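Right, one structure below, let's go through it.
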Amino acid sequence: MKRRFPRTELISVILIFLHGCAHSDLSAERSSPPQVPEKRVTQNLPLPGDLEDKVLALNPDSIREKDVTEVLSRCPAPRIIALNGSIPFITMESFSKFLILMGYPEESVRNPRTGFYSYSSYMSSRNLAGLIAWHYEKEGMMPIVVGHSQGGMLSIKVLYEFSGAFHNKIAVWNPYRNKPEDRYTLWDPLTDTERPVVGLRLGYASAIATGRLMRIVLGQWNMLARLRKIPDTVEEFTGYHIENDLIGGDFPGSGQSYYPLGTAIVHNVNLPPEYSHITIPLTEDLAKDPETREWISFYASPTEHAPLTTALRGKSDNILFAADIWHSIKKYWCIELQRLIRARRAMNKVFSTYGG
């Protein structure tokens, strides 16, 4: 397969450089539609007992399409924060629609304030940390952060925000008012205790085609030394690398692998050189095609997946990326739900015992 859009990618390097010179940091998205009222939070909508039992019976590492259709899709889901690259020539919208077509609840994918399918990677990492805290407190499940290119850098940077690397305290950020609240703590929905935003730990985060070269071009100096080091403020992290990625700047021998600083589980997934840095988020059509959808649904890991048949190869652009990240998102959808259900049941048991 020939490499796609090489001329476009070369032009994009120049555009990214010019764009980076003109825009250092934006705390909010460019477009600001009218604010919408806050909805009743998912945390206050308990599931039927039989459905909770079915969720608890699932194996997070082996979620099949039937499990999604019959169980998970009937439940709330962790907020997906899909971060665009530095130039939204191609945004994460197609990827978000891919998740929805695969069975993920649309209300957990769209930005609740704007209705958009993705978020700007120029938002402040401090504000993003506060936004994650708000969703966790209100919805009872830790959001999942997926970033493309510069968005991947931001998904890693927010992990350092939670570690206290940049700020000693972080305000909770209200997405509906699009501004910080006057507090630096949240009420933890799983432990029923107050805690600071700093110190939170994500379940899952990822970075897609995020290289060091563009951190230099865009002047993101405080992330150069940190970019491949994943702190303990995430349980599981996946870094996706495209072989010979011109824009990302990941070349053989460049030390592009991510690694944990402590307890985080870190995966490095190497994608074929035919994949394009710019178009890798375009995954929506894979969920629409029955053959590619089935292959994705049965994917287990980079080393255990079924080989692509001749028939699939002609329509399988980005399929390895789509399958691997969908496997992780399904896993943490299940894990976060199970945590919430167990926490609710434990609290209800305490209340029934001591609350009369």
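When the stretch 161-174 is examined, which residues are found to be crowded, with 20+ Cβ neighbours inside 10 Å and in contact with a Phe, Trp or Tyr (Cβ under 7 Å, 6 or more places away or on another chain)? Across the stretch 161-174, the qualifying residues are I170, A171, V172, W173. Any residue at all in the stretch 35-43 that's in a helix (DSSP H, G or I) and modelled with pLDDT under 75? Scanning the stretch 35-43 turns up at least one residue that is in a helix (DSSP H, G or I) and modelled with pLDDT under 75. Looking across the stretch 154-208, the residues that are touching a residue at least 60 places away in the same chain (Cβ under 8 Å) and among the aromatic types (F, W, Y) come down to Y160, F162, Y176, Y204. Tallying residues that are touching a residue at least 40 places away in the same chain (Cβ under 8 Å) and in a loop (DSSP other than H, G, I, E, B) within the stretch 119-129 yields 4. On the given criteria, is L340 surrounded by 13 or more Cβ atoms within 10 Å (Cβ to Cβ), of a type in the set (A, V, I, L, M) and outside any loop (DSSP other than H, G, I, E, B)? Yes. Scanning the stretch 95-118 for residues that are in contact (Cβ under 8 Å) with a residue 60 or more places away in the chain, more than 12 Å from the chain's Cα centre (by Cα) and either crowded, with 21+ Cβ neighbours inside 10 Å or not in a helix (DSSP H, G or I) (or both) yields a total of 9. Counting only helices (runs of 4 or more DSSP H) that sit wholly inside the stretch 199-309, those with at least 1 residues that are buried (at least 17 other Cβ atoms within 10 Å of the Cβ) and modelled with pLDDT of 90 or more are 284-288, 290-297. The set of residues from the stretch 304-333 being within 16 Å of I242 (Cβ to Cβ) and without any contact (Cβ under 8 Å) to a residue 40 or more places away in the chain comprises S316, I319, A323. Residues that are at pLDDT 95 or above and touching a His at 6+ places or on another chain (Cβ under 8 Å) are absent from the stretch 186-194. Within the stretch 64-93, the residues that satisfy the criterion of being in contact (Cβ under 8 Å) with a residue 40 or more places away in the chain and either polar (S, T, N, Q) or in contact with a Cys (Cβ under 6 Å, 6 or more places away or on another chain) (or both) are N84, S86, T91.
The values are calculated or read from the model by the stated rules, or taken from the named source; none is laboratory data. Model, not experiment: these values are computed from the prediction. Positions of Cβ are generated from backbone atoms using ideal geometry, with glycine treated the same way; all protein chains shown enter the neighbour counts.
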